[in-house]
1. Given the stretch 1-117, what whole percent of its Cα pairs are spread farther than 20 Å?
2. At a 10 Å Cβ-Cβ cut-off, how would you order 138, 362, fewest neighbours first?
3. Could you check the simple spin-label distance between residue 19 and residue 356, using points 7 Å along Cα→Cβ, in nm with one decimal?
4. How long are the semi-axes of the equivalent ellipsoid of the chain, taking √(5λ) for every eigenvalue λ of the Cα gyration tensor, in whole Å from largest down?
5. Using the number of other C-beta atoms within 10 angstrom as an exposure proxy, rank 139, 202 with the fewest first.
6. Counting pairwise Cα distances across the stretch 201-243, what percent come out greater than 12 angstrom?
7. Obtain the nm distance between the two label points defined at residue 231 and residue 26 by a simple spin-label model: each point lies 7 Å from its Cα along the Cα-to-C-beta direction.
8. Using a Gaussian network model on the chain with a 10 Å cutoff between Cα atoms, which of 242, 75, 59 fluctuates the most?
Ligand code: MG
């Protein structure tokens, strides 16, 4: 299965009030469109990137074809433009397609990975932010409060199975966004946490605001480290980074004793100063007995995301004499990438022995350490 990115760069800037279409305005040394193009075309899970441009404007975009990016002219409406992109994408029904608005340059690789992962559970997915401001509805005679419970502001990219979105847009109608088309045919939709930096450029002042949000000097970073040990006990396998490895012993512990993911979970929580794994998932609580450590890891990612952070990369070291880690290393990286929403090239798993010294050297258990970098999201 593959994933295709479609970037809709349809506007001519008439509403924005500049002669240059807003996707060509400069933002921190690159055009607004280039921000999205670079993130999509460098993402390891995106196999092709297609740009939909305004009808009749092929000349202005011709240079992009030399960058190995496909360019297609759009239609009169946004729906028709997306359909033009889908037509040349020409995927299998089960392939994934991410439809993105070029006026949202603040797209980060982790959002793309999280959307691709969400499509394993849903027909469509999109980043969304809870509404922070109070909402009012004004009528001729009054202003009335509107509850903001369960209300979200939806961003792009919006991710779909190719078959579902093609069918949804084939049905008559023009839609406020692509998710609305999927809603109309009863598709299952998952919302993932959005980020402020994914804001849409609508007014001239928005460019200045985005410059502040995306400027490297104001992008704060945090480092975190984690360490964990589990002793060998009875059993016929150990679980490391979610991968079951056949072995003549198991690891003792309350959960599945995945020592590598416990170290990683602690590193993620630690980087955001959100305590440790024992605070959030105490071994005294029976609900965590025998649970998969993926629950701890994915909840740690959710906690730091809610706090405005995203994981940039992680590096784990597993310390033991046996079992041998190397044959399982790639599977462990893939499972960790799936569980955290990170691209594969941002996940490292290494292994070492302690030259038969100490408790790991005597084969009494496995130790693991992890480091992560978190990046502030907008
Ligand atoms: Mg542990």
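Values in this text are rule-based calculations from the coordinates and carry no lab data. Given the structure is predicted, the values throughout are model-derived calculations rather than measurements. Note: ideal-geometry Cβ built from the backbone for every residue, glycine included; neighbour counts use all protein chains shown.
1. When every Cα pair of the stretch 1-117 is considered, 38 percent fall beyond 20 Å.
2. 138, 362
3. Here the answer is 7.9 nm between the modelled labels.
4. On the way: eigenvalues 364, 104, 83 Å².
The three semi-axes for the chain are 43, 23, 20 Å.
5. Final ranking by Cβ density, sparse to dense: 139, 202.
6. 77
7. Modelled inter-label distance: 6.5 nm.
8. Top of the fluctuation ranking is 59.
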